[in-house]
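To keep things clear, I will list the structure first and then write my remarks on it.
The values are calculated or read from the model by the stated rules, or taken from the named source; none is laboratory data. Just so it is clear, the structure is predicted and the values come from calculations on it, not from any experiment. Here the Cβ positions follow ideal geometry from the backbone for every residue, glycine too, while neighbour counts run over all protein chains shown.
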Amino acid sequence: MNITYNDERKDLPADQLHELFVSVGWSPDGALPDEWRKGFMQPWRNSTLVVSAWDGDRLAGAVRVLSDTIFRSVIYDLLVSPAYRGQGIGKGLVNRCKAHFPNSEWLVGCDKKNSEFYKKLGFREILKTGEFLVIPCKLF
Ligand SMILES: CC(C)(COP(=O)(O)OP(=O)(O)OC[C@H]1O[C@@H](n2cnc3c(N)ncnc32)[C@H](O)[C@@H]1OP(=O)(O)O)[C@@H](O)C(=O)NCCC(=O)NCCS
C-alpha cells in the first residue's frame, strides 16, 4: 500500500473526514448533515497544522495541531481508519507533526488505551491515569 502524507492541506474532504469520525465512534452513524458541515470543518481549517494520510484519493488518517510554533503544541483528533491501522500511519502522522516544531513541548489528551501508543513516540504520562501525556520543550 502506497500511503502519502500531506502537511499543507487543511481543507480536508468533509465527508471522508466525517466517515473517519464515525468509524472511531466520535460522530453518530450516517452522512454529515449539511447544517453541521461548516462547524465540523472549522476546527481543522483554524488549526495551526493539519497532517493527512492518503491512499490515492482516499483519506486514511488525519491529525490536527494547535501550536505557538515554538514552545507549546497540542495534538487533537488523531484518527486512522480501521482499514489502515497497524501499518505505521498513526506514528507517521504524529512524527510529521513533531518535525514541524521540533523544540516544542507536545501535549496530548487521550483514552488510557492509547497511552502506550504515545509512549512509543516519546511522550511521558503527566498523571498516573495515563490520560495526559507530554514531551517537554527542548528550549528550557
Ligand atoms: C491510536 C491510533 C491512531 C493508532 O494508529 P495506527 O496507525 O494503528 O498506529 P501505528 O500503526 O502507527 O502504531 C505505531 C506503534 O504503536 C503501536 N500501537 C498502536 N496502537 C496502540 C495502542 N492502542 N496501544 C499500544 N500500542 C499501540 C503499534 O503496535 C506500533 O508499534 P511498533 O512501532 O512497535 O510496531 C488508531 O488506533 C486510531 O485511530 N484509533 C481511534 C482513534 C483514537 O483513539 N485516536 C487517538 C486519540 S488521542
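When you look at PHE40, is it surrounded by 15 or more Cβ atoms within 10 Å (Cβ to Cβ) and modelled with pLDDT under 95, yes or no? So PHE40 fits the description; yes. Pairs meeting the criteria (first residue in the range 1-16 and at pLDDT 95 or above, second residue of a type in the set (S, T, N, Q) and surrounded by 13 or more Cβ atoms within 10 Å (Cβ to Cβ), beta carbons under 8 Å, at least 6 apart or on different chains) are ILE3/GLN87; TYR5/SER52; ASN6/SER52; ARG9/SER52; LYS10/SER47; LEU12/SER52.
Screening the candidates GLY88, GLY56, GLY61, GLY25 for the property of being at pLDDT 95 or above, of a type in the set (Gly, Ala, Ser) and closer than 22 Å to GLU131 by Cβ yields one hit, GLY61. Residues being away from the ligand (no atom under 14 Å from the Cβ), among the acidic types (Asp, Glu) and either over 25 Å from MET1 (Cα atoms) or crowded, with 18+ Cβ neighbours inside 10 Å (or both) are represented in the range 97-116 by at least one member. Whenever a residue of the range 103-126 is under 20 Å from THR48 (Cα atoms), its partners that are of a type in the set (Lys, Arg) and assigned to a helix (DSSP H, G or I), lying with C-beta atoms within less than 7 angstrom and at least six residues away or across chains, give the pairs TRP106/LYS98.
Inside the range 30-59, residues that are touching a helix residue (DSSP H, G or I) at 6+ places or on another chain (Cβ under 8 Å) and among the charged types (D, E, K, R) make up a count of 3.
Among the candidates LEU32, LEU49, which residue alone is more than 14 Å from the ligand (Cβ to nearest atom), closer than 21 Å to HIS18 by Cα and either modelled with pLDDT of 95 or more or touching a strand residue (DSSP E or B) at 6+ places or on another chain (Cβ under 9 Å) (or both)?
Working: LEU32 fails: either modelled with pLDDT of 95 or more or touching a strand residue (DSSP E or B) at 6+ places or on another chain (Cβ under 9 Å) (or both).
Just one listed residue meets the conditions, LEU49.
Just one of the listed residues (PHE71, PHE140, PHE132, PHE123) is in contact with a Gly (Cβ under 6 Å, 6 or more places away or on another chain), over 28 Å from ASP15 (Cα atoms) and more than 10 Å from the ligand (Cβ to nearest atom), namely PHE132.
Output the residues belonging to the range 12-37 that are more than 22 Å from CYS110 (Cβ to Cβ), surrounded by 11 or more Cβ atoms within 10 Å (Cβ to Cβ) and among the charged types (D, E, K, R). Don't jump to the end; show me each part of the working.
The initial filter retains those residues of the range 12-37 that are more than 22 Å from CYS110 (Cβ to Cβ), namely 13-16, 29-37.
This time we only want the ones that are surrounded by 11 or more Cβ atoms within 10 Å (Cβ to Cβ), so: 13-16, 32, 36-37.
Correct list: ASP15, ARG37.
The residues listed here are LEU93, LEU49, LEU121, LEU59; of these, the one that is farther than 19 Å from ASN6 by Cβ and within 17 Å of the chain's Cα centre (by Cα) is LEU121.
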